[in-house]
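Colleague: Here you go, one structure.
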Amino acid sequence: MYTDDARVLGLIGTTFRTAALPRIRVVVPRALAEHAVVAWQREDVGELPRPENPADRQRRQRAGALALIGFAISEHGQVDVDGNTIVELSPELVGVAMDAADDFA
């Protein structure tokens with residue numbers, strides 16, 4: 001039952017990726033914004049494990065999303081009066097971050 005639901009959700013996601021969805025304006029707390037920028041600037045070296053297990057793949061993809069958020073912050077972020085960063089992100093990056101939050105809730 002859930003396998004088919006997951007497949008259909010993936011197909012819906014594929015449709016969303018082709019749509020011109022608007023960016024989402026978010027506020028990133030200062031310390032988290034700094035970590036994201038460090039992730040963007042980091043040089044990743046080393047080979048990917050073969051075969052890559054699903055948990056490692058998810059961690060790698062999330063690290064990539066964090067780096068892309070860091071890129072957006074470093075290129076377009078604006079610091080507010082409280083020292084937080086305001087930046088517009090793609091809905092996909094916002095969704096990945098929100099999915100990752102579920103693991104820490």
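The values are calculated or read from the model by the stated rules, or taken from the named source; none is laboratory data. Since the structure is predicted, the reported quantities are computational estimates derived from the model, not experimental observations. In this analysis, Cβ positions are derived from the backbone assuming ideal geometry, glycine residues included, and neighbour counts consider all displayed protein chains. For the accessible areas, the whole protein counts, side chains as well, though only heavy atoms, and no ligand, DNA or RNA atoms are used. Shrake-Rupley method; radii C 1.70, N 1.55, O 1.52, S 1.80 Å.
Colleague: Calculate log10 I(q)/I(0) of the stretch 64-103 for q = 0.16, 0.19 Å⁻¹, where I(q) comes from the Debye formula with a single equal point scatterer on each Cα and nothing for solvent.
Modeller: These q points yield log10 I(q)/I(0) values of -0.42, -0.58.
Colleague: Please report the relative contact order for the stretch 3-81, taking Cα pairs under 8 Å with a sequence separation of at least 6, and give it as a percent rounded to a whole number.
Modeller: That works out to 40 percent.
Colleague: How many nm separate the modelled label positions at ASP44 and ASP103, each set 7 Å beyond the Cα in the direction of the Cβ?
Modeller: Placing both labels 7 Å beyond Cα along the Cβ direction yields 1.3 nm.
Colleague: At what distance in nm do the modelled label points of VAL26 and VAL81 sit from each other, each positioned 7 Å from its Cα along Cα→Cβ?
Modeller: That separation, rounded to one decimal, is 2.5 nm.
Colleague: Could you sort GLU43, GLU52, GLU75 by their accessible area in this structure, using a 1.4 Å probe and putting the largest first?
Modeller: GLU43, GLU75, GLU52
Colleague: Right, here's the next one. Calculate the all-directions average of the projected area of the chain's alpha-carbon convex hull, and give it in nm².
Modeller: 8.7
Colleague: Moving to a separate point now. I'd like the orientation of helix 30-41 relative to the chain: the angle between its Cα long axis and the longest Cα principal axis, in ° from 0 to 90, rounded to 10.
Modeller: The angle comes out at about 70 degrees.
Colleague: I would also like to ask the following. Report, to the nearest whole %, how much of the accessible area of the chain belongs to carbon and sulfur atoms, 1.4 Å probe, protein only.
Modeller: That share works out to 58 percent.
Colleague: May I pose another question? Placing unit charges on C-beta atoms (Lys and Arg positive, Asp and Glu negative, everything else neutral), compute the dipole magnitude of the chain about its Cα centre in debye, rounded to 20.
Modeller: 180
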